[in-house]
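The values are calculated or read from the model by the stated rules, or taken from the named source; none is laboratory data. Keep in mind that this is a model prediction, so the values were computed, not measured. Using ideal geometry, Cβ is built from the backbone for each residue, glycine included, and neighbour counts are taken over all protein chains shown.
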Amino acid sequence: MRLRLRSGALAAGCLLAEALGVALFLRGFFPLPVRSLPRGEARAQPPAEPAPPGPGIASNWTKIPPPLFRKVVIVLIDALRDDFVFGSKGKQFMPYTTQVIEKGTSYSFIAEAKPPTVTMPRIKALMTGSIPGFIDVVVNLNSPALMSDNLIWQAKAAGKRIIFYGDDTWVKLFPKHFVEYDGTTSFFVSDFTEVDDNVTRHLDRVLKREDWDLLILHYLGLDHIGHMTGPNSPLVGPKLREMDNVLKKIHISLLSKEGEASLPSLLVVCGDHGMSETGSHGGSSEDEVHTPLLFISSAFEKRSGPLTQLELVQQTDLASTLAVGLGLPISRNNVGNIILPVVGSKTMREQLRFLHMNGFQLSTLLQENTPAYEKDLGYEQFKIAEKSHGNWIKLYLEGNNSEILLNLGKKVLKQYLEALRTLSSSLSKQVAQYDMYSMMVGTVIVMEVLLLLFLSVPKALSSRAEFEVPLSPPLFSLLFYLMCLMLCAVHVIVCTSAESLCYFCSMSWLTAVGVMMLISALMCGILSAVGKILENSRLPLKNPGASSSSWSEVDVLILAGTIGHVLSLGASSFIEEEHQTWYFLINTLCLALCQELCRNHFLLKECDLQLGTTMKQNFDSIGEASECKNIDVQAASNSKLGKAASSAEFVKGSDKWISLASPWIILICCRLLRSLNQTGVQWAHRPDFGHWLTRGITEARFVYVFVLGIVFTGTKDLLKSQVISADSSVKSTGLWEVYSGLVLLSALLFRPHNLPVLVFCLLIQTMMTKYIWRPLKFDAAQITIMHYWFGQAFFYFQGNSNGIATVDVSAGFVGLESYVEIPAIFLTAFATYAGPLLWAIHLLCYLSSEVSRNSAAVGHGCFCYALMRSIPVAIYIVLVTGLRYHLFIWSVFSPKLLYEGMHVFITAAICLFFTAMDQNHSQKVQG
Amino acid sequence: MKEAELRRLLAANLLCAGSIVLTALVPALFLDGFSVLGTHLTWLCICSVCVSVLNVTLCLILKPSPSSKRSSLSNKISRFLKCCIYFFMSCILFHAIIVLYGAPLIESVTETFLFAVLLSTFTTLQCLCLLGPNIQAWIRVFSRNGAMSIWENSLQITTTCSILGGWFGAFPIPLDWDRPWQVWPISCSLGATFGYMAGLIIAPLWIHWNRKQLTYKSR
C-alpha cells in the first residue's frame, strides 16, 4: 500500500503538524499564571500579631487594623509619564500639583511598571498587586472579569461603597463591584476632550455627596493625545493643566470636609504606564515604565524643602499600601510591599503589624508556589524578623516605653523591609516559570517537521514533485510501535514525577497518545528519508549535471540571506530592528537582480547569435504565459506585450530600458515606504511620512484617491474575466478575483496613511512579474523565496514591528458596531499580516500562470514557502528556550514568539490554499 | 613573465594596503586630536585622497594596461575629463544606493557622501586607472570569466571585497551596544576599508594559487 503525495500536500501536512507543535510550545512558554486559590475559597483569617515568646503574655490584637483613611480617591491618568508631573512639563502645566509635591502634605514616588505596559495588565497589577502574565496582553481587548483576589473585591466585601468613572476596562474587570459607574470607551483614539469631560462632569456632584468610600477616576485623554501626536505635542500641555485643575478641585473638596470627620482622606495620583518618545507604549523602555505615584493627605507631615531624589517603588506596591490604608486584608496574589512612609504617621506597633501582615501574605504565597520555600532567603529573613517582632511585643506589653523600645522597633522594621524586598523579588521571578515538558514536546515536533522538510527537498523540487509514501513497511512499523511505547513510558514517568503544573500532562490520555504517535510517525518518516538518501548515494550518481551547475549570485544571496536572518534572531537588537534586516535584504536582492538583468541584456548584445535561441525561448514562454492567463491585473498592457513578443522588438525596444530601470524604481519605492512608518525601537523617534500624512486633510483625499483607484482596477478585472471566459482561464480568473478581493479588504482595513504601502505593493508586484521574473526565468523555488522576502519587508513597511504595541486593533472594529470576538480577531490578524498574505496570494497567481512552463510550479512554491517559514520558527523556538532567562525575554523575545507563532498558523492556511489549487490543477490535467 | 608581473602586482597591492595603515597613524602626528573614530570625516578625506593619489601614480609607473596607440594631447585631456566625470557620477550613484539602503536623506549628507567617495575610490577609481572610461570593458571584466590579465583579476577581487566589506559593515548598526564605531558611517567605511585591504592581500595569493587554471585569452 503506497500513498502518492504531491509536494504541496506534504508541505501543507507538515505545516499543520508544525502548527500543533508551535501551539504546544506557546502553551508551555506562556503558562496561565496559576497562583493562589481563587478568592472566596478558604479565606484565611488575617494573621494575628506574632506571639511573644514565653508563657503568660499573649497579644490580643488579632483583628485587621482599622482603616487609616476615611475616603480614598484614586485618580489614574492613562499614560502619565513621570516627567509630566516631576519634570519641567509638570512645573509649567501643573502648578497646583507641583506646589503640593514641594510644599504640601504629600509623598511622591516613581512607580515602575512591569512590561507589557498596556492598560489592562497594569490595572490588574495596580489592583491585585500581582504581575499579570504576558498572555494577558493577548486578551487585552476582550477583558473578562478579574477572578483573582483584588483590592476592589476586598473593599466591596468589607462593605465599602465604590464609585468609578473612566475607562470601561474597569467595568469589565470588576462587574457589579461599583455602586455607581460611568464607563468611557478608549476606542475613539482621536477623541481628546469628550472622553475626559465624561469623567469630570460627575465630579462636582460626587464630591458634595458623602455616600462613598472609594472613588476611582481613570482619565484616557492623555493616552489618546500620546497615540495620535506624541508626548511633545502642543496638546499635552493643556491636557495636563486640565488634570491639574481636576486634582485641585478634588483636593480642596477633600480638605474642606476634613474638619467634620475624625479620619483624614487620601488622594492617590498615578499613571498606569508611561509613553515612549513616539507616544506609543507596550515595551520596556524607561519612558514607558516610569510613572508618577503621588499620595496626598493631611495625615502626612508637611514637606519643607523642595523635592530631592525621588524614590523608586514598584507599581504593585500600591495594592498592599491601599489595602492597609483602607483597613482591608492584603490580596492573596500580591507581590508588592507596603510603602512605609504612607503609614509612617502611625505608632511603631501599628507599623510593625502592617509589615507583618504583608510579609505573612507574601510568605504564604511563596509556600503555595514553591515546594522548597523553606530554603528561600526571603522566607528565612521573614522568620527571623517575626521572631524579633515577638520579642518586641513582649517588651511592649510589659510596659517598657523607653528609647530602647523605639530603637529596637526600628531595627525590626528594617529587618521586615529587607525580608519583604527579598520575598517580592523571588516571587516576581516566579512569574516566568516555564512548562519545560510541553515546550520540549512542541520543539521536538517542530524540529522533526523541519528535518523532514529538509530531507525531502531534492524530491519535492524535482520535476514530478511527487512522493511515494510507503505506508506499511514492516520494519518501520515495528520501530514505530517501539517508539510509541517508549514515548508513552517517558510521558508517564515525567508526568508522575513532575512537581510543577504541566499543561501537556493535564491533557487527556488519548490526546497525549495521539501526539506521541505523531512524533514517532514523523521520526519514522525522517528515518526512512535518511535511509533512501543513503541508498541513493550508494548507487552511482545518475545525474552529475545537477550537482555541477554552479550557483548564481542570486542563489548565494538567497541562501546567505535566509541563514543570516535566522541567525540574527538570536540577538534582541536584531529582533527589535528586524525590519532593517528585511529592508537590507530586499535592497541587496534588487541590486543583484539589477546586475543579473544588466548581464542578461548587455551580454545579449555582445553575442547575439549565441543567445538568440534563448531569446526565442524567452518570447515563446512569454507568449504562452500571456495566452494561458488571459486575465491579469496588468491585462491592460497585455496586448502591447504580445505585440512586442511577436515582432521581436522586446529586448531592443523600450521594454528593455523599463526592465533595466525596474529594480531601481522598486528600490526607490521601498525607500519611500520605509520612511512612511518608522518602526522598531532605536530609530522610532525619527519623523516619518505617516505623521505628515495624518496631519492635514491630505489624509482624507488620499483615501478617496486610492480607494477609487483600486476599486476601478478591481472592476476592470472582473469585467474582463466576464468578457473573455476561456476554459483554462477560469481558475486564474478566480485567483485574481481572490487577490483583488484581498487587496480591497486590506485597503479598507489599513490606516489611511498606510494606503501608499498597498499601492506600491501592487506596483512592485506588477513590475517584478513583468520585467524581472519573466525575462530572467527563475525557477519556482527562487521566485517563492523572493516573494517571501518581499512579503516580510512589506509586513514592516505597514508599520508593524516585533512589539505588541504596533498591532493595529482598530482594524478589528471596521464595519462592526461593537466588539465581536471572532470577526475582530480575523480582521486584526488579516490587517497585521496583509503584506505577507498579499505577496503569497500573488505568488500563487503568478505560479499558476506559469504552470504551462513548469507543471509542478505550484507544488514547488508551496513546499518552499513552508520551508522558508519552518526554518526561522524552528530555530527561534530553540533560541528562545535557550534564552528564557534573558533580560529582554518578556519585552523582546516573547512578542516576537507570538508573532512567529501567528505567522505559522497563517502560513499553514496559505499552504492549504496552495494545495487545494494544485489539486484542482492536477485533476484538470488528468481530466 | 607571469611571475614577474605577479610580483609587481603584489608589491603594488602591499603598497596600497600599507598606505591605508599609514593614513590611520601618520596624521595623528600633525593634527591635534586626530583619531580614526573621533575625527572620522577627516580620516575619510585623507584616506580617499591618499589611495587615489597612490593608485594614479602606480598606474602611471607600472602601466598595467599598455595603451594601444599614442594619443594626442587633446585626446588625453578629454580622456582625463571623462574619467573625472565618471568618478563623480559613481560617487553620486553610490550615494544614491546608500540612501536607498536607508541612510538618512537630509541629515548627515556629508558623512554619506564621503562614504560614497571612499567606496568610489576603492572601486571606480581603480577601474578608471586600469580600463579607462570604457563601459564596455568594465562590463566585460565584471561578467563571469571576463578578466584578461592578472591586473583585471585583482581588480575584480578588490572591488568585490570592498563592496562586500561595506555591506557587512552595516550589520552592527542596529545593535544596542552604544559603541563609538557604531555611529553612521564609521562601521560601514571601516568595513569597506578592511574589505579593500583584504582584497588587496587576497588577490595576489588567489592568483598565485590558481595560476594553473588561469589562462588569459589574448586580446
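Descriptive notes on the structure:
- A residue that is assigned to a loop (DSSP other than H, G, I, E, B), within 25 Å of the chain's Cα centre (by Cα) and either modelled with pLDDT of 90 or more or within 22 Å of residue A:273 (Cα to Cα) (or both) cannot be found anywhere in segment A:149-162.
- Complete set of residues in segment B:99-113 that are away from chain A (no Cβ under 14 Å) and surrounded by 13 or more Cβ atoms within 10 Å (Cβ to Cβ): B:109, B:111, B:113
- Qualifying residue in segment A:546-556 (condition: at pLDDT below 85, surrounded by 13 or more Cβ atoms within 10 Å (Cβ to Cβ) and within 11 Å of chain B (Cβ to nearest Cβ)): yes
- Within the option set A:602, A:584, being surrounded by fewer than 16 Cβ atoms within 10 Å (Cβ to Cβ), free of Cβ contacts under 8 Å to residues at least 24 places away in the same chain and within 10 Å of another protein chain (Cβ to nearest Cβ) holds for one residue only, A:602.
- Residues of segment A:326-348 satisfying the condition of being at pLDDT below 85 and either farther than 25 Å from residue A:303 by Cβ or among the basic types (Lys, Arg) (or both): A:332, A:333, A:346
- Test: residue in segment A:573-580 that is surrounded by fewer than 17 Cβ atoms within 10 Å (Cβ to Cβ) and either at the interface with another protein chain (Cβ under 10 Å from one of its Cβ atoms) or more than 18 Å from residue B:169 (Cβ to Cβ) (or both): no
- Under the condition of being outside any helix (DSSP H, G or I), modelled with pLDDT of 60 or more and within 30 Å of residue A:463 (Cβ to Cβ), the residues counted in segment A:1-52 number 4.
- When segment A:74-118 is limited to residues that are in contact with a helix residue (DSSP H, G or I) (Cβ under 7 Å, 6 or more places away or on another chain) and hydroxyl-bearing (Ser, Thr, Tyr), the one that is nearest to residue A:276 (Cα to Cα) turns out to be A:117.
- Neighbours by Cβ (under 8 Å, 6+ apart or cross-chain): first from segment A:470-484, under 11 Å from residue A:528 (Cβ atoms) and modelled with pLDDT of 60 or more; second charged (D, E, K, R) and not in a helix (DSSP H, G or I): A:470/A:2
- Segment A:657-686 residues that are facing chain B (nearest Cβ under 10 Å), paired with ones that are part of a loop (DSSP other than H, G, I, E, B) and at pLDDT 80 or above (beta carbon under 6 Å, 6 or more apart): A:680/A:577; A:680/A:801
- The set of residues from segment A:562-572 being of a type in the set (Gly, Ala, Ser) and surrounded by fewer than 20 Cβ atoms within 10 Å (Cβ to Cβ) comprises A:564, A:568, A:570, A:571.
- Selection status of residue A:591, more than 11 Å from every other protein chain (Cβ to nearest Cβ), in a helix (DSSP H, G or I) and under 29 Å from residue B:140 (Cβ atoms): no
- Candidates A:240, A:266, filtered to the one that is closer than 19 Å to residue A:107 by Cα, aliphatic (A, V, I, L, M) and surrounded by 20 or more Cβ atoms within 10 Å (Cβ to Cβ): A:266
- Enumeration of residues in segment A:76-119 that are assigned to a loop (DSSP other than H, G, I, E, B), over 14 Å from residue A:302 (Cα atoms) and of a type outside the set (Val, Ile, Thr): A:78, A:79, A:80, A:81, A:87, A:94, A:113, A:114, A:115, A:116
- Unique residue being touching a Gly at 6+ places or on another chain (Cβ under 7 Å), over 30 Å from residue A:678 (Cα atoms) and not polar (S, T, N, Q) when the list is B:150, B:157: B:157
- Within the option set B:116, B:96, being out of contact with any Leu (no Cβ under 7 Å at 6 or more places or on another chain), at pLDDT 90 or above, outside any loop (DSSP other than H, G, I, E, B) and at the interface with another protein chain (Cβ under 10 Å from one of its Cβ atoms) holds for one residue only, B:96.
- Residue that is over 30 Å from residue A:331 (Cβ atoms) and crowded, with 18+ Cβ neighbours inside 10 Å, where the choices are A:386, A:448, A:403, A:398: A:448
- Restricting attention to segment B:88-111, the residues being closer than 26 Å to residue B:156 by Cβ and among the polar types (S, T, N, Q) number 1.
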